[in-house]
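Novice: Got a structure here, written out as structure tokens. Questions coming.
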Amino acid sequence: MALFQLTSPSIQYSNSPSLYHLKLTNPHPNRHVFLTPICINSSASGAGAPNCNRITPVSPLYSLKPYLESQWQPIISGWLCSAISVYSLSQIVPKVGNLSSALNTVKPLRLQSEVSVLGALALIRIIACYLQQAFLWEAALNCAYKVRIFVYERVLQRDLGFFEGENGVSAGDVAYRITAEASDVADAVYYMLNTIVPSTLQLLAMAARMLVISPVLSVLSALVIPVMALIVGYLGDKLRQTSNKAHLTTASLSAYLNEVLPSILFVKASNAELCENIRFQSLASRDLSACLEKKKLKALIPQIVQILYSGALFSFCAGSLVLSRGSFDSSAMISFVTSLYLLIEPIQDIGKAYNELKQGEPAVERLFSLTRFTFQVIENPDSVDLDNVLGEVGFYGISFRYGESRQLILDELDLHIKAGETVAIIGPSGGGKTTIVKLLLRLYDPLCGKIVIDGCDIRSIRLESLRRHVGLVSQDIMLFSGTLAENIGYRDLTTKIDMERVKLAARIANADEFIETLPDQYHTNIGPRGSVLSGGQRQRLSIARAVYQNPSILVLDEATSALDSKSESLVRQALQCVMQNRTVLVIAHRLETVLMADRILLLDDGKLQEMSRASLLDAQNISLASMAIVI
Ligand SMILES: Nc1ncnc2c1ncn2[C@@H]1O[C@H](COP(=O)(O)OP(=O)(O)OP(=O)(O)O)[C@@H](O)[C@H]1O
């Protein structure tokens, strides 16, 4: 996480009333940071006070500036090639005129030399054009690559609250933005780079040549440009709107697929293929209409440019014949018309680039909107690393709720767990047991109260250090495509997985017995989300992963819920072994697992109360059952 210090004592105003500049210094100078410029619109507040509710980006494309700057080398190379290409084109045009007079005079030697010079120039232009496109695509794709990397890094930094709850952003939407929309950004950047210099150069070169031949006709032909600009501008704005709509419909399609396909087992078991087909068709048809509208508009803009300019070309050709009678020779006439024709090409390119930019704008905006946020869980710049953790945990006066309008889930809750102790928390479904775990991992911060580990407030511990010392076996088993070893040694995935530790962890979690029966043992690929494994095997694998991490505090959130009784007893033996050297917080619904704990606490109405084993057993069939506690 990059924290910035505001060094300017006050906000400085620029000449523009709608822009404020903040001076920020990065206290981590060795870390590369991109800032997204924003404009704070103060018009509603008057007297220059910034209205923080009305923060809008200066322009979505402006966010790309630092990425473009980092690609200056291929950009300059591409533009140099375009200058060579335009120069050769500007030499070709008069040569075409000369060729026509050479044809008239029928001088074979002159004809031969004109043809060879023209051929050489054409070859130079072809090579330069190719290199120009290659360099500019390199810059555009590198730019999109860097944007992707940055956006994904920021997405991973976002608080858990961004991904869950009623306003949570779906994984499919995020995936669509980082894949497809980032590709749209590459296209927009390419067309922008290809227009700024190459098309402008060609336009200027051809316009200069026309001016030399006939200033009057040139000025007349230039009159068409403002008319075109107005029409294209209007259509471009429409294109941006339809493009935004198309991005949203495709993103919802992607979000839908990301939600349903991982649950294919349930869909099939519920005979829901037809229903899902209907839901998909409805989303796909909305996407179809939006994309069709966008494509039609995209196809229309260059055609309008072409019609306008072809009409102009026709009128000017006819006009030039009348006006220039006697004043143009045939070669000047051919040069003028060729220049005019070649002037259309960059104008069309500008039209296309404008299309791409308008289409890319919403993509850039949606991508960078993922990166603009304020942390809810803030890491204190002075936070410390914990080296050796004994595992004493304390919750003092903790209150918490998800969102201001919601009711309290935890209400001044107190909990003290001694180092090395195993505590089981039971309680009604939805009572807040998992929420306690989220708070311990600092995935959310409590409204009030404090949580301490070995006497140290977790707000003053570096998040990475805190989460290294607290291992979690969660309710939803999270496994990734890859081998068994990669899943167990997940912590060291990008460094070096210690195979000895992997095997030891698998043995402790009683996962080794099934792993060793597999053909590739620890190197067996477990498929998407561990689909080749049974529920019990997946659960033991996730326990092995927590054991590999060797945390001082282990949280088992219903870790044995998916096990059959044989596996559960195997895992229970394993857990007993794991529990010996660490603090364990068990959230369990199974009586056997609960009874493994040193202490049992009941979470009810946001508060914890201790239960004796005897009362737990007594109450098993009466009051606990009436509180909807599953044991
Ligand atoms: N991200 C969230 N946004 C809004 N509400 C949430 C969120 N996560 C959980 N809740 C709500 O908070 C309450 C407590 O949830 P929690 O998952 O902590 O319960 P639990 O005791 O672990 O339940 P279970 O035993 O069924 O897993 C529930 O009512 C749940 O609907």
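The values are calculated or read from the model by the stated rules, or taken from the named source; none is laboratory data. Not measured: the values here are computed from a predicted model. Glycine gets a Cβ as well: all are built from the backbone with ideal geometry, and neighbour counts include every protein chain shown. Calculation scope for accessible area: heavy atoms of the full protein, side chains included, ligands and nucleic acids excluded. Shrake-Rupley method; radii C 1.70, N 1.55, O 1.52, S 1.80 Å.
Novice: If the chain between residue 448 and residue 390 were fully stretched, how many nm would it gain, using 0.36 nm times the residue separation less the Cα-Cα distance? Before the final figure, lay out the partial values.
Specialist: On the way: separation 58, 0.36 × 58 = 20.88 nm, distance 2.51 nm.
Contour length minus Cα-Cα distance gives 18.4 nm.
Novice: Ignoring ligands, DNA and RNA, how do 92, 378, 417 rank by accessible area with a 1.4 Å probe, largest first?
Specialist: These residues rank, largest area first, as 378, 92, 417.
Novice: Where in segment 155-193 does the amide nitrogen come within less than 17 Å of the point 7 Å from the Cα of residue 374, taken along Cα to Cβ?
Specialist: 158-162
Novice: With the Cα gyration tensor of segment 365-427 giving a ≥ b ≥ c as the square roots of its eigenvalues, does the rule (a/c under 1.5 for rounded; else a/b larger than b/c for prolate; else oblate) give rounded, prolate or oblate? Walk me through the numbers before you get to the answer.
Specialist: Numbers: a/c = 2.74, a/b = 1.41, b/c = 1.94.
Oblate, because a/c is 1.5 or more while a/b does not exceed b/c.
Novice: Among 176, 149, 134, whose Cα lies farthest out toward the positive end of the dipole of segment 129-185, if unit charges sit on the beta carbon of Lys, Arg (+1) and Asp, Glu (-1)?
Specialist: So the residue we want is 134.
Novice: If you stretched the chain out fully between residue 80 and residue 183, how much longer would it get, using 0.36 nm times the residue separation minus the C-alpha to C-alpha distance?
Specialist: 34.5 nm
Novice: Something else: Determine the alpha carbon to alpha carbon distance for each of 65/296; 438/607; 245/352; 146/438; 65/238; 418/503 and list only those over 27 Å. Write down the numbers at each step before the final one.
Specialist: On the way: 65/296 30 Å; 438/607 16 Å; 245/352 20 Å; 146/438 32 Å; 65/238 25 Å; 418/503 30 Å.
Distance filter (> 27 Å) returns 65/296; 146/438; 418/503.
Novice: If you roll a 1.4 angstrom probe over the protein chains with everything in place, what fraction of the accessible area of segment 360-506 belongs to carbon and sulfur, to the nearest %?
Specialist: Numbers: 3370 of 6780 Å².
Its accessible area is 50 percent carbon and sulfur atoms.
Novice: Separate question: With each label point set 7 Å from Cα along the Cα-Cβ vector, what nm distance links residue 160 and residue 419?
Specialist: 2.6
Novice: Tell me, what ³J(HN,Hα) does each residue in segment 596-610 have, in order and in whole Hz, if you take phi through Karplus 6.51 cos²θ - 1.76 cosθ + 1.60 with θ = phi - 60° and put x for Gly and Pro?
Specialist: Values per residue, Gly and Pro as x: 6, 7, 6, 9, 10, 10, 9, 9, 9, 6, x, 10, 9, 9, 6 Hz.
Novice: Quick one: Cα centre-to-centre distance for segment 474-510 and segment 161-207, in angstrom?
Specialist: Computed from Cα coordinates, the inter-centre distance equals 37 Å.
Novice: Within segment 389-427, whose backbone N sits under 15 Å from a point 7 Å along Cα→Cβ of residue 456?
Specialist: Those under the cut-off are 389-394.
Novice: Using a basic spin-label model with each label point 7 Å from the Cα along Cα→Cβ, how many nm lie between residue 405 and residue 130?
Specialist: That separation, rounded to one decimal, is 6.2 nm.
Novice: Enumerate the aspartates and glutamates that residue 95 could reach by cross-link, defined here as Cα to Cα under 17 Å, with residues fewer than 8 away along the same chain left out.
Specialist: Filter leaves 114, 329.
Novice: Give me the aspartates and glutamates in straight-line cross-link reach of residue 358: C-alpha distance below 16 Å, same-chain residues under 8 apart excluded.
Specialist: 181, 184, 187, 237, 293, 349
Novice: Subtracting the Cα-Cα distance from 0.36 nm times the residue separation, let me have the gained length for residue 476 to residue 73 in nm, one decimal. Show your work: numbers first, answer last.
Specialist: Values: separation 403, 0.36 × 403 = 145.08 nm, distance 4.76 nm.
Using 0.36 nm per residue and subtracting the Cα-Cα distance, I get 140.3 nm.
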